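Step one of this worksheet: look at the structure below.
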Amino acid sequence: MSSQPVFDRRTKVRLRRLSSTFLAGLLAVLPIMITAAVVMWLIGAAESLLGGLLNAVLPGPLYLPGMGLILAVLLIFLVGIGVRGVVFRQVLAWIEAAMNRIPLVKTVYGAVRDLTGLMSGDSNRRFSQVVTVQLPNMPIRLVGFVTVEDLAGSPMAGEQDEVAVYLPMSYQIGGYTLLLPRALLTPLDLDFEEAMRFVITAGLSRTGEGAAPTAPPPPPAAPPPTTAQPPPGEA
């Protein structure tokens, strides 16, 4: 007795189309959902921590939901103002030095500090140039960021004119720092955010997606017309 298939060919095609449509919708909504979840988590954490503190300090009728979030925004704003001052910077330097003395805390703190510094506006100053690296005898190019323009005087300086280039990995936090001759680098006319987005997404976030399409090349010119020559003997 032959077994009959559960779905015929037409049903399989319909199911395949439905699954592809659902997957396309999921990929479109997923970044928004993750962003909203992170924002809501930050708001909830600020309200839970500072709101609970205010609820314990203030009398019951004076506390309103959302005051913890407002206090968190005010504290962050005050810290931003204080960072511009010399005294506050010195206090932060003492706190950072104390945290760097704790074995486990200094590892976590250093990683988070470097990550926030990478995403801040100071990244354009830390990475002086976006370049492509052409390795010798290899038909590939790598996108990198110059971190040190001149290694002269450094113990890592070589015989050639070398620079330090950071090569990030796609879809993960990590990368390699290479000491390369300057001759292997080709500068790119890209800012840091655009180049990093291109590398992290493995090229899926293409540069210049909103640019107008280029005009197609003009068709080749037609050859000049040839005049028919009269046969011999005709004048």
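The table below gives the values:
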| item | result |
| --- | --- |
| Qualifying residue in the range 117-136 (condition: polar (S, T, N, Q), within 16 Å of GLY175 (Cα to Cα), assigned by TED's automatic domain parsing to the domain that holds LEU185 and modelled with pLDDT of 75 or more) | yes |
| Number of the condition not met by ALA37 [criteria: (1) more than 25 Å from THR201 (Cα to Cα); (2) at pLDDT 85 or above; (3) of a type in the set (A, V, I, L, M, F, W, C)] | (1) |
| Positions within the range 52-63 being out of contact with any Phe, Trp or Tyr (no Cβ under 8 Å at 6 or more places or on another chain) and either touching a residue at least 12 places away in the same chain (Cβ under 8 Å) or surrounded by 12 or more Cβ atoms within 10 Å (Cβ to Cβ) (or both), in sequence order | GLY52, LEU53, LEU58, TYR63 |
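The values are calculated or read from the model by the stated rules, or taken from the named source; none is laboratory data. Keep in mind that this is a model prediction, so the values were computed, not measured. Positions of Cβ are generated from backbone atoms using ideal geometry, with glycine treated the same way; all protein chains shown enter the neighbour counts.
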